[in-house]
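This report concerns only the one structure given below.
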Amino acid sequence: MILAKKVRIKPTPDQEQALWRSAGAARWVYNWTLARQEENDRNGGKFIPDGELRKELTKLKQTEEYAWLNDISAQTTKQAVKDACDAYKKMFKGQSGKPKFKSRKHSKPAFYSRYDRFKADGNTVYLEKIGWIQTSEPIPQSGAYSNPRVSFDGKYWYVSIGIRHEQEKSELTDEVIGIDVGIKELAVCSNGMVFKNINKSAAVRKVEKRLR
């Protein structure tokens, strides 16, 4: 079972600049991919597989004009190509509309970080090309992390990660329980167990007020 975990990270000023560069590069590559697909479509060509576009991007990095892309993790830029191509595939399947270009002002800064280089140690995490960054809380240790994504919400940076977790099997019994789902109480069981609705608690109301 894969559990998702999202934690705030606290980069140093130098690390934050590196985060912005990675997010900017991911946005640029995503838009470049959409532009290539649209140009190819106008010329009557078929959909370009992301593998071919990745090869084009590698050649692009070897030019002087786009050498700056070499400062960014190769997996970050490659994943941006794949994300754009996946958006096109969803459009072809009718699962979504035509992919839109990401703008610097209105799109959410975010990028993919290489999963096999991701590490967690206490209240720090390691991101390729960025280094060890402090976190607001520890991320559980795991031998297999998946799909690390870094994002900025307008105030703070966050890292989200999939963590492989072995689910313990529960032994079933013959007991039958009736459950009454309500509003004031989340659930009231026939065996006397009562589950509180935390959305009605003073703590949550206080947090919602602060959020507003």
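The values are calculated or read from the model by the stated rules, or taken from the named source; none is laboratory data. Predicted model only: the values in this text are computed from it and were never measured. So basically every Cβ, Gly included, is an ideal-geometry build from the backbone, and we count neighbours across all protein chains shown. What goes into the accessible areas is simple: the full protein's heavy atoms, side chains included, and nothing from ligands, DNA or RNA. Shrake-Rupley method; radii C 1.70, N 1.55, O 1.52, S 1.80 Å.
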- In terms of solvent-accessible area of protein heavy atoms at a 1.4 angstrom probe, what is the ranking of 175, 128, highest value first? 175, 128
- Message: Keeping all protein chains in place and using 1.4 angstrom, which order do 86, 116 fall into by accessible surface area, from largest down?
- Response: 116, 86
- residue 196 and residue 184 label points (each 7 Å along its Cα→Cβ direction) are spaced in nm at 1.5
- Message: Amide H of residue 119 versus every other amide H placed in the peptide plane: which residues, excluding those fewer than 5 positions away on the same chain, fall under 5 Å?
- Response: 126
- Query: If ligands, DNA and RNA are left out, what is the accessible area of residue 130 with a 1.4 Å probe, given in Å² to the nearest 10?
  - Reply: 20
- Message: Once you order the gyration tensor axes a ≥ b ≥ c over the Cα atoms, which shape class does the stretch 6-95 get: rounded for a/c under 1.5, otherwise prolate or oblate by comparing a/b with b/c?
- Response: oblate
- Of 91, 115, 26, which is farthest on the positive side of the dipole of the stretch 1-122, counting Cα position, with +1 on Lys and Arg Cβ, -1 on Asp and Glu Cβ, and the Cα centre as origin? 91
- the chain, accessible surface, carbon-and-sulfur percent (1.4 angstrom probe): 50
- Query: Just how large is the dipole of the chain about the Cα centre, in debye to the nearest 20, putting +1 at every Lys and Arg Cβ and -1 at every Asp and Glu Cβ?
  - Reply: 960
- Query: How large is the charge dipole for the stretch 46-85, taken about the Cα centre, if only the Cβ atoms of Lys, Arg (+1) and Asp, Glu (-1) carry charge, to the nearest 20 debye?
  - Reply: 200
- May I ask which of 61/89; 61/82; 55/93; 155/209; 78/105 have a Cα-Cα span longer than 21 Å here? 61/89; 55/93; 78/105
- Message: Just to make sure I understand: if all protein chains stay in place, what is the order of 177, 198 by accessible area at 1.4 Å, largest first?
- Response: 198, 177
- Task: Read through the labelled values [x] 39; [y] 19; [z] 25 and report the label of the one computed as percent of Cα pairs over 32 Å apart from the structure.
- Result: [x]
- Query: Rounded to the nearest 500, what is the chain's calculated 222 nm mean residue ellipticity when only DSSP H runs of at least 4 contribute -39500 (n - 2.57) each, over all residues?
  - Reply: -11500 deg cm²/dmol
- Average accessible area per residue (Å²) across the stretch 18-58 - probe 1.4 Å, nucleic acids and ligands excluded: 51
- If you count, for each residue, the other Cβ atoms within 10 Å and average over each peptide, how do 67-80, 44-57 line up from highest to lowest? 67-80, 44-57
- Quote the relative contact order of the chain in percent (integer), defining contacts as alpha-carbon pairs under 8 Å separated by 6+ residues. 24
- Item | the stretch 176-205 and the stretch 32-96: distance between their alpha carbon centers, rounded to Å | 50
